[in-house]
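All of the numbers you see were taken from the coordinates with simple rules; none came from a lab. What you are looking at is a predicted structure, and each value in this text was computed from that prediction instead of being measured. Note: ideal-geometry Cβ built from the backbone for every residue, glycine included; neighbour counts use all protein chains shown.
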Amino acid sequence: MDREQFRKAGYAAVDRICDYFENLESYDVVPKVQPGDVARLIADEAPQTGEAWEDISKDFDRVILPGITHWQHPNFYAYFPANTTYECILADMYAGAVSNPGFNWLCSPACTELESKATDWVAKLHGLDHTWWNEGKVGGGVINGSASESCLTVCIAARERYLRLHPNTPFSELVIVATTQTHSLAAKAALILGLEFVAIETKEEDDWALRGDGLRTALDELEGQGKKPFILIATLGSTSTGAIDKFGEITTVTADYPSLFLHIDAAWGGVFLSLPECQDEAFLAAINARAPASPNDVGDGAICAGGEVHSISSNLHKSGLVTFDANCLWIRDRALLTSALDVTPPFLRTAQASAGLVTDYRNMSISLGRRFRSLKIWFALRSYGVTGFQKHLRQLISRAQVFKRALLDSDKGVPGVVLFTPRRFSLVVFRVVTLPDQTNLAGDERLKLENALNAAVIRHANEDASLMLTPTTVGGKECVRVAVGSPNTEERHVLDLVEKIRRLVDRARDEVGA
Ligand code: PLP
């Protein structure tokens, strides 16, 4: 393709993308393809000679779109959302044009300096105080592709920190600690690093959040077994129910375990910190608090202070209007990352870095080459502004509130549906239960029947391509999650969802006899 062909094809692609959004509602959310259907339409090898762009671009419609699950669809309520915006689509075009791997400042000063500014912008937007900003030269942010990557990165930093404090600790004694509600990213980090993983049980009466007493008991038990818990992965907005661990209680406990690194996975919930009305609910004060100097502190400064949050990460690519992928990871002391990850062979040395004048982001992340993700964050935040960003989040919460109220309405709602946990931000988790005439059922029998009922609701929902819902099981109870997240979801959509759920529940009750 030459430049003039690109110009033409580019205009056409933008037109096609606009048509896609214009007609979004005409698509099924879930594609009607079976495993292998898409692969069958794709050649087994790259063509020997180049094909015409006209043919290639047509295949986006013919081969790809029929196999796409439409995450931008207003009736997509599964998992968590993956917002996209026109600003970010354009940013990705520009980033593609200058395509460069931005690992050192010198590779592209703009990529590095924008990343520092963009993570500061987002930190400020999230209410994270100056101790998390690059501006202060101690703390700071880095953009990764995913919360999983950030979790793995801080596990490496925490492991190195622990080994500096306790040299020669055998790896076999090191433990990554999380809870049963932590996303699988923590177990996966342990798997990758070849370390033990322990999940602390959380309780229904705590809305599945980790409390201080549960943490203390678990840490004492681990230490009693000769284990060395070196990092705790806490959560702000768990995947299953939106649970928010009690960070104030947690830091009170971790003050007594100064070698324990505390990371908060705020992959989904983090962006809601941008709303002042959500900051108390999300314990922002505890996230920002610094540990007072304590006789228990080991070593010097932030590297070793226990009793405070050391790192936090938030996915803007979920509800944060930034096109996949964009995870911001902030750390209280950048040296925690650089001392663990800086490998500088001669060919990567630069005068600016040697003089300590610049940040080389490869030393704060796993990969060397890195995508230019800050551009889309910058474009989106400038175009929406803080007020536009907040308006979007408030709209999501409002839709979830409308849905919850309609679902549970005593006259017009769906009978026999109860909230499993309180609505959290824009996530509603409910459970279909047996009707009052089945009160004679014994506890176990009822649980089994109700689980079958909820599983049937999800199964039938998944047969209906016009919406997408995902289930979860917490404390042995099957539930239905409704994650409102698309800027395209209007009130009429969530009200329509209630009617669909009514039909799904009726069908499920007929099927399982509940
Ligand atoms: N953490 C939480 C709480 C999540 O809900 C998710 C995904 O939904 C993740 C982590 C994983 O995020 P990523 O795909 O960015 O690794």
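Odds and ends about this structure:
- Potential extension, Asp506-Lys8 segment - 0.36 nm per residue separation minus Cα distance: 174.0 nm
- Across the stretch 402-488, Cα pairs under 8 Å and at least six residues apart give a relative contact order of 25 percent.
- Calculated FRET efficiency for the pair Lys137/Ser383, C-beta based, R₀ 35 Å, to 0.05: 0.75
- Site pair Gln438 and Leu408 shows an inter-label distance of 2.1 nm when each label is modelled 7 Å from Cα along Cα→Cβ.
- Extent along the principal axes, Cα only, for the stretch 27-96: 41, 35, 17 Å, with the longest axis given first.
- Difference of contour (0.36 nm per residue) and Cα-Cα distance, Ile366 to Lys124: 84.6 nm
- Taking the Cα atoms of the stretch 172-320, the ratio Rg/Rh between the radius of gyration and the Kirkwood radius comes to 0.95.
- 5 angstrom amide H check on Leu467, placed H, neighbours 5+ away: Val29, Val30
- Cα-only Debye scattering, the stretch 379-512: base-10 log of I(q)/I(0) at q = 0.19, 0.20 Å⁻¹: -1.08, -1.17
- Rough spin-label spacing in nm, given labels placed 7 Å along Cα→Cβ, for Ile42 and Val63: 0.7 nm
- Distance from the stretch 183-260 to the stretch 1-53 (C-alpha centre basis), Å: 44 Å
- Relative packing of peptides 63-75, 395-407, 9-21, 138-150 - highest average C-beta neighbours within 10 Å first: 138-150, 395-407, 63-75, 9-21
- Fully extended contour minus Cα-Cα distance, from Val98 to Leu357, at 0.36 nm per residue: 90.8 nm
- Percent of Cα pairs exceeding the 22 Å cut-off, where the set is the stretch 315-433: 59 percent
- Greater than 21 Å apart at Cα, pairs in Lys124/Lys188; Lys32/Lys412; Lys188/Lys228: Lys124/Lys188; Lys32/Lys412
- Cut-off 12 Å between beta-carbons: net charge of the residues surrounding Arg459, Lys and Arg +1, Asp and Glu -1: -3
- Structural descriptor for the stretch 99-371: relative contact order 26 percent, calculated from alpha carbon pairs under 8 angstrom and at least 6 residues apart.
- Bridge type composition, the chain - antiparallel percent by DSSP, nearest 5: 55 percent
- Rg/Rh ratio calculated on Cα atoms of the stretch 231-291 (Kirkwood radius): 0.97
- Radius of gyration over Kirkwood radius for the chain, both on Cα atoms: the Rg/Rh ratio is 0.99.
- Length-normalised contact order of the chain in % [C-alpha pairs under 8 Å, at least 6 apart]: 21 percent
- For the stretch 54-84 versus the stretch 433-453, the gap between their alpha-carbon centres in whole angstrom: 39 Å
- Here the sum of -39500 (n - 2.57) over DSSP H runs of 4 or more residues, divided by the residues of the chain, equals -13000 deg cm²/dmol at 222 nm, to the nearest 500.
- Considering only the Cα atoms of the stretch 99-371, their convex hull presents on average a projected area of 14.1 nm².
- Kyte-Doolittle mean at least -0.5, axial Cα span of 20 Å or more - DSSP H helices of the chain: 109-125, 147-165, 374-408
- Size of charge dipole - the chain - debye, nearest 20, with Cβ of Lys, Arg +1 and Asp, Glu -1, no other charges: 640 debye
- For Lys117, a cut-off of 18 angstrom between C-alpha atoms picks up these lysines, skipping any fewer than 8 places away in its own chain: Lys137, Lys376.
- Separation of alpha-carbon centers, the stretch 332-394 and the stretch 491-514, rounded to whole Å: 46 Å
- Averaging 1/r across all pairs of distinct Cα atoms in the stretch 42-147 and inverting the result yields a Kirkwood radius of 17.9 Å.
- Whole-Hz Karplus values for the stretch 37-47 come out as 4, 6, 4, 4, 8, 10, 4, 6, 9, 5, x Hz, taken residue by residue from phi with 6.51 cos²θ - 1.76 cosθ + 1.60 and θ = phi - 60°; glycine and proline positions read x.
- Highest mean packing comes first when the peptides 39-47, 157-165, 274-282 are listed by Cβ atoms within 10 Å, giving 157-165, 274-282, 39-47.
- In nm, spacing of pseudo-spin labels at Thr252 and Gln225 (7 Å Cα→C-beta vector): 2.6 nm
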